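A short write-up of the structure that comes next.
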Amino acid sequence: MKSQNFFLTIATLFLLFCLLCFPQALLQKSIESVDLWFHTVLPSLFPFLTATGILIRLGIAHKLGSIFQPIMKPIFGLSGICAFPLILGMISGYPSGAKITVTLYQNKALSQKEAQAILAFCNNPGPLFVVGTAGTAFLKNPAMGYFMLFCIFAGAITTGIFLRFFYKTENNISLNSCYTITTPSNIEPIGKILANSVADAMETVTQIGGFIILFGVIIEAFYQTGIITFFAKYLSNIFSLSHAAIAAILGGILEMTNGAFLLSQSPEQIHTQLTAITAILSFGGLSILAQTLGILSPIAISSAKYFFSKCLNSIFSAIICFFCYPLFQNKLIKAVSVSSFTTKTAPIYNTFFVFYLCFLLFALLLLSLYRLHQK
């Protein structure tokens, strides 16, 4: 704890020093971060968090859990209700998976161990950002966005399967155990459900906005002081990557959006760009990590375990991207570059879908062999 306080003190003093030395640049970055939050994050995330809060309070997550129980239990060793944060986290993106997990835990639908386990792989970037921003806007090719999305989700699934042998949850857990969500007999009045859902969503989005502004200023401080440039020059001599790519990766470790954009502009081959961008998006950056840990404060989880799981998720996603890219290289390159949103890339999505099914079948086969070996 003392070491954490010491590090936080040094970081705060560094930020204050930069605010005094580079006030104009950091003020401009703060304004840009506010604009990003107000015009992009708030309108897209607030309605989704409100809707998911309503669904949870109506008991929909409980009903969804009963449907997915036969899938979640054998594959991940978790109860079916964990499918709710997993699916919605994949649809909406950061940090929805974490927020939904916290809400389920507070409603006593998840145990602490299950919350820790599902958090390892339910908090991921959403399709809108990966395909729309990273693929379409940055790389000018939606097909590459779908390819990265496949690699990220496959990496998350792989992480969940891998960590099930380390996160031992209650073997006898069921939807009728003490960890159950609201039932029709104790659902709150509709007015209270709406009020609580809106207030909860607004509090979360406001907290996220604070982290976006804070880390936007911190990242700009690193650039203004030349710290990222210094390390980029040093590391570019060690690794076979350009100075621009190393600087982009270092920036992506802090904040994924800026890092992904700079990587798309780097002189590296597209194979290297895709692998690095996939790894950064899967990890999320320290900005997303701080947002998530702030949201997870009501749960007594291990921050170190969550950080380890995100690193593992990033590694798995990057490995899948690196080795799968040659299989789809021709189709990805032939995909029409974006001059509009109309592209002829539909056949490649079917290929991804078939490959994804094969991946799940292979995972189920491994689990079956593992169970047979235990018997």
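Readers should treat all values here as calculations from the given coordinates under stated rules, not as data from a laboratory. Keep in mind that what you see is a predicted model, and the values were worked out from it rather than measured. Heads up, the Cβs are rebuilt from the backbone with ideal geometry, glycines too, and the neighbour counts pull from every protein chain shown.
Quick notes
- Protection proxy ranking for 151-159, 126-134, 25-33, using the average of other Cβ atoms within 10 Å per residue and placing the highest first: 151-159, 126-134, 25-33.
- The stretch 266-290 and the stretch 71-93 have Cα centres lying 25 Å from one another.
- Nitroxide proxy distance, nm - points 7 Å out along Cα→Cβ at Ile238 and Leu214: 2.9
- Extension gain for Phe323 to Ile87 (0.36 nm times residue separation, less C-alpha to C-alpha distance): 82.4 nm.
- Computed FRET value (nearest 0.05) for Val41 with Gln112, which takes r as the C-beta separation and R₀ as 22 Å: 0.15
- Scoring 288-297, 225-234 by mean Cβ neighbours within 10 Å over their residues and listing the highest first yields 288-297, 225-234.
- For the stretch 225-327, relative contact order (Cα pairs under 8 Å, six or more residues apart, normalised by length) works out to 23 percent.
- Residue list for the stretch 278-298, given a label point 7 angstrom along the Cα-to-Cβ vector of Gln207 and an amide N cut-off under 17 Å: 287-298
- Legend: Rg and Dmax of the stretch 251-325, from Cα coordinates, 13.6, 44 Å.
- A cut-off under 15 angstrom between Cβ atoms defines the neighbours of Pro95, and their net charge, with Lys, Arg +1 and Asp, Glu -1, is -1.
- Annotation: Cα Rg of the stretch 204-341 relative to the compact-globule expectation 2.2 N^0.38 Å equals 1.16.
- Fraction of alpha-carbon pairs over 24 Å apart in the stretch 1-114 - percent: 50
- Model label points for Phe308 and Thr225, set 7 angstrom from Cα along the Cα-to-Cβ axis, are 3.0 nm apart.
- Additional length obtainable on full extension of the chain from Glu32 to Leu20, 0.36 nm per residue less Cα span: 2.4 nm
- Quarter of the Cα convex hull surface for the stretch 57-99, i.e. its orientation-mean projected area (nm²): 3.0
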